[in-house]
Amino acid sequence: MVRPSASLLLISLFATTTMAMAQSAFAPPKTVFGYRDFGAEAKVDADFLAVPDAKLAGEHLKTLTAKPHIASSPEDLETAQYVAAQFKAAGLETEIVPYRVLLNQPRKVSFEALGDDGRLLGTGPTRERVEGDAYQDDARVVMPFNGSSGSGDVTGEVVYAN
């Protein structure tokens, strides 16, 4: 029979041995990212982490989201120019490179639901209404659409999908 004090001694010895083995297995490397002096690395880390400013980020976000700016719109170009100007002000070499891409946008987004008898049951989509939203009727705000789908009529049974 093992006495409580002997059990405690065994557990303590096991824990100490396990910790010592773990520390030796995961000994820190001699250099990290080229630094031999970890104080120098810590200074770079501190300088880097001091840069983010939540208030400034909020100001940039307000500027970038001030107008609807779907891809390829004039407002989208304005946001790119704003970001480029901020990068240049930070001393970064910056260039806006124009390129052509296939970017589909709908001419019209609509659906109609008809009953078995052909009676119109519903239409849509309708714009969401948010009190105080200055852009809710703005034509630059495109209704959601499936950009990879084709145009056409679809007829089928309605299926409950939870």
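We did not get these values from a lab; they are worked out from the coordinates using the rules stated. Since we're looking at a predicted model, the values are computed, not measured. We place every Cβ from the backbone using ideal geometry, glycine too, and count neighbours over all the protein chains shown.
In this rough spin-label picture, where each label sits 7 Å from Cα along the Cβ direction, the Leu56-Val154 distance is 4.7 nm. Find, among the chymotrypsin sites (Phe, Trp or Tyr not before Pro) in the stretch 56-162, those assigned to loop by DSSP (not H, G, I, E, B) with at most 13 other beta-carbon atoms within 10 angstrom. When the chymotrypsin sites (Phe, Trp or Tyr not before Pro) of the stretch 56-162 are filtered for loop state and at most 13 Cβ neighbours within 10 Å, Tyr99, Tyr135, Phe145, Tyr160 remain.
Just order 42-50, 100-108 by mean Cβ neighbour count inside 10 Å, highest at the front, would you? Walk me through the numbers before you get to the answer.
On the way: 42-50: 9.8, 100-108: 8.0.
Top to bottom by mean Cβ count within 10 Å: 42-50, 100-108.
Within straight-line reach of Lys108, meaning a Cα separation under 27 Å, sit the following lysines at least 8 residues removed in sequence or on another chain: Lys67.
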